[in-house]
Amino acid sequence: MVLRFLRLVAILNMFRKYFPELTGILTTNGLRKMLRITGVVIMLSAIPITYLEKGITTFAEGIWWAIVTTTTVGYGDIAPVTLGGRIVAVLLMFFGIGCIGTITGTVATYLLKGKDKDNEKEFVKNKIDQLETLSNEEYDILLQMIGEIRNDKRRL
């Protein structure tokens with residue numbers, strides 16, 4: 001059991017090292033927290049659905065149903081018929097739609113943020129070429145932008 005955990009830690013470290021973009025996406029807009037909460041909600045919703053629905057006989061089937069419902073796939077192989085089961089299903093559907101929206105928005109934000117940084121650096125380069133003609137206000141803005149770029153570089 002301990003060796004499995006250590007393997008998992010090693011795999012996660014490998015992903016961080018070789019896929020920094022994935023780590024960047026996960027840290028944007030709190031996506032990592034959202035995915036953790038989604039996992040907890042899936043596990044917790046599998047408990048009542050296993051007891052409420054006669055068609056779901058094992059906890060593993062409850063987890064399967066919760067994942068399918070959360071991702072809005074809805075195969076239809078298992079469908080809740082009790083009021084309690086349907087309430088759990090509706091909550092999972094809303095949660096799943098919100099989760100999918102969060103993932104989409106986070107990826108878009110991450111991709112656009114990179115372009116904004118490139119545009120900002122290009123702007124600074126152009127302004128440095130025009131250094132002699134800058135007003136005091138433009139010069140202060142340029143210094144502020146250089147400071148922000150330097151701070152972003154330190155965070156990496």
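Please treat every number below as a calculation from the coordinates, not as lab data. Only a predicted model underlies this, so the values are computations on that prediction, with no experimental measurement involved. Because the Cβ atoms are built from the backbone with ideal geometry, glycine has one as well, and the counts that use them run over all protein chains shown.
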Q.
In whole Hz and in residue order, list the ³J(HN,Hα) couplings for the stretch 5-22 that follow from phi through the Karplus curve 6.51 cos²θ - 1.76 cosθ + 1.60, θ = phi - 60°; x for Gly and Pro.
A. 5, 5, 4, 4, 4, 5, 5, 4, 5, 5, 4, 4, 6, 8, 10, x, 5, 4
Q) Roughly how tilted is helix 136-155, in degrees to the nearest 10 and between 0 and 90, from the longest Cα axis of the chain? A) 40
Q.
How tilted is helix 59-70 with respect to the longest principal axis of the chain? Cα atoms for both, answer in degrees (0 to 90, nearest 10).
A. 50
Q. Put +1 on the Cβ of each Lys and Arg and -1 on the Cβ of each Asp and Glu in the chain; which of Gly105, Gly62, Leu91 then has its Cα farthest toward the positive end of the dipole?
A. Gly62
Q. With a 10 Å Cβ neighbour count serving as the proxy for reagent exposure, in which order, fewest first, do Glu120, Glu21, Glu53 appear?
A. Glu21, Glu120, Glu53
Q. Tally Lys/Arg at +1 and Asp/Glu at -1 over every other residue whose Cβ is under 14 Å from the Cβ of Val9; what's the total?
A. +4
(Q) Please report the projected area of the chain's Cα convex hull averaged over all directions, in nm². (A) 13.5
Q. What is the helix-to-structure angle for 83-129, meaning the angle in degrees between its Cα long axis and the longest Cα principal axis of the chain, kept from 0 to 90 and rounded to the nearest 10?
A. 10
